[in-house]
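Since the structure comes first, as structure tokens, the remarks are kept for the end.
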Amino acid sequence: MNPRAAIDRAFEVVTRRLDGPLMVTLVVLAALSLAVVYSASGQSPDRTLGQARNFTVAIIVLWVAARIPPQQLMRLAVPIYIGGLALLISVALFGDIRNGARRWLNLGFVTIQPSEIMKIGVPLLLAAYFHRKEDGLNFKDYVIAGLILLIPTALIMRQPDLGTSVLIFASGFFVIFLAGLSWKLLIAGVVAGLAALPMAWPMLHDYQRTRILTLLDPNTDPLGAGYHIIQSTIAIGSGGVFGKGWLNGSQSRLDFIPERSTDFILAVLGEEFGLVGLLLLITLYLIVIGRGLMIALNAPTTFSRLLAGAITMTFFTYAFVNIGMVTGVLPVVGVPLPVVSYGGTAIMSMFMGFGILMSISTHKRLVST
């Protein structure tokens, strides 16, 4: 075999289970992330290299996940969910406390955040459950699905981690909705949720209630709870149409934008690249969402269709909540900007989801189990 043929063969083996349009879009988003993280971190090489390492590990995770057939994923649904639930209970009992929150579990050789496991574990188990019930669903099935969803959500809210609990609830809800949830049950649930708000309000932590109240008028506490929203909207507005230019954002350079490498990185992007940069980001997100929905539409089984749809719509929820949070439309809940914000576990769990999407796209048959 000549060298060119050997290279072509190796490339074909490496990329065989990867979805081309989705992979290219993710690479562009990763490149954009590295550029913005470099600027947001004050041109820190260590921070930027750290993000590059995060993407390297995440792509390896994606590559492995893309090679796991959907039928094998369905077999792993129960062990992953039970394992994640056991870790969440361990966090409640023995977890490390940081900044007043008990979210991390020290295993001796590594510290993990088990809630990230449930971002995959919850929709995986729900999709497998509805796949086995596809011949006929009744009210009891939806009650069981609701318990599968609410137990980990409640454990994560207790940590407290409102942002992650919202994302996990959304990932499970999308599976239940796509499985054929009756509009009557959906409307009844919404009405019941609204009726329960007065009872839920006292259960929120003080900082969570403050964030919601500050959303209505950030200027009531401009140097406290409203500071994040005020500074992020100033930065985005000052960027105008074309932005101030890469590395030239005054709000970020002068340290006015809080959490500018993580939750509020969109403000740095808006200030430096303006409306054009924000529209580019939204376009890339729409490509990812559109491709994910196309994979879900063409999926051959109930399990793969529900799982692909849930992963795609959870990505949409990530983007919607973060953009709404940074622009002052939604309360600040600590949700990163997907694929762009600096982070390790969030990027890896997200790329695992994309790997599962690619597995569904390229493995056309799901062997019944």
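Considering the dipole of the chain built from charges on the beta carbon (Lys and Arg +1, Asp and Glu -1) around the Cα centre, which of Val37, Leu330, Phe354 is farthest to its positive end? Of the options given, the answer is Phe354. Amide H contacts of Gly243 (H built 1.01 Å from N, in plane; Pro and chain starts excluded): Gly274, Leu275 sit under 5 Å, all sequence-distant by 5 or more or on other chains.
Here the contact order of the chain, divided by its residue count and restricted to Cα pairs under 8 Å and six or more residues apart, works out to 27 percent.
Each Lys or Arg adds one and each Asp or Glu subtracts one; over the other residues with Cβ under 14 Å from the Cβ of Leu185, this totals +1. The length gained on full extension between Arg4 and Val143, counted as 0.36 nm times the residue separation minus their Cα-Cα distance, comes to 44.3 nm. Converting phi to 3J(HN,Hα) with the Karplus coefficients 6.51, -1.76 and 1.60 and the offset θ = phi - 60°, the range 20-31 yields x, x, 5, 5, 4, 5, 5, 5, 5, 4, 5, 5 Hz in sequence order, with x at every glycine or proline. Taking a point 7 Å from the Cα of Leu186 along the Cα-to-Cβ direction, the residues of the range 121-141 with backbone N closer than 19 Å to it are 123, 126-127, 130-131, 137-141.
For the chain, the Kirkwood radius over C-alpha pairs fed into Stokes-Einstein at 4 °C and 1.567 mPa s yields D = 60 µm² per second. For the range 16-151, the C-alpha radius of gyration divided by 2.2 N^0.38 Å, with N the number of residues, is 1.33.
For the peptides 247-260, 114-127, the ranking by mean Cβ contacts within 10 Å, running from highest to lowest, is 114-127, 247-260. Counting only pairs 8 or more residues apart or on different chains, how many lysine pairs in the chain have their Cα atoms under 27 Å apart? The number of close lysine pairs in the chain is 6.
Comparing Thr345, Thr327, Thr283 in a Gaussian network model of the chain where C-alpha atoms under 10 Å apart are linked, the largest mean-square fluctuation is found at Thr283.
At 20 °C and a viscosity of 1.002 mPa s, what translational diffusion coefficient does Stokes-Einstein give for the range 122-181, taking Rh as the Kirkwood radius over Cα pairs? Give it in µm²/s as a whole number. For the chosen part, D equals 183 µm²/s. Taking every Cα-Cα distance in the range 296-369 and sorting them into 10 Å bins from zero, the calculated P(r) comes out as 19, 40, 27, 13, 2 percent.
In order along the range 337-349, the phi-based Karplus estimate (6.51 cos²θ - 1.76 cosθ + 1.60, θ = phi - 60°) of 3J(HN,Hα) comes to 6, x, 6, 9, 4, 5, x, x, 5, 5, 5, 5, 5 Hz; Gly and Pro are listed as x. Remark: spin-label model distance Leu194-Ala31 equals 4.7 nm, labels positioned 7 Å along the Cα→Cβ axis.
Compared with the alpha-carbon gap, the fully stretched path from Arg209 to Leu150 is longer by 19.1 nm at 0.36 nm per residue. Estimated from helices alone, the mean residue ellipticity of the chain at 222 nm is -23500 deg cm²/dmol (sum of -39500 (n - 2.57) over DSSP H runs with n ≥ 4, per residue). 3J(HN,Hα) along the range 123-132: x, 5, 5, 5, 5, 5, 4, 5, 4, 6 Hz, from the Karplus curve 6.51 cos²θ - 1.76 cosθ + 1.60 with θ = phi - 60°, whole Hz, x for Gly and Pro.
Across the range 304-366, C-alpha contacts under 8 Å between residues 6 or more apart give a mean separation that, scaled by the residue count, equals a relative contact order of 34 percent. Between the beta carbons of Ile82 and Glu134, assuming R0 = 25 Å, the FRET efficiency works out to 0.65 to the nearest 0.05. Assuming charge only on the beta carbon of Lys and Arg (+1) and of Asp and Glu (-1), the dipole of the range 35-189 about its Cα centre is about 60 debye to the nearest 20.
Only the coordinates and a few stated rules stand behind these numbers; no lab work does. Given the structure is predicted, the values throughout are model-derived calculations rather than measurements. When we count neighbours, we look across all protein chains shown, and the Cβ atoms used for this are built from the backbone with ideal geometry, even at glycine.
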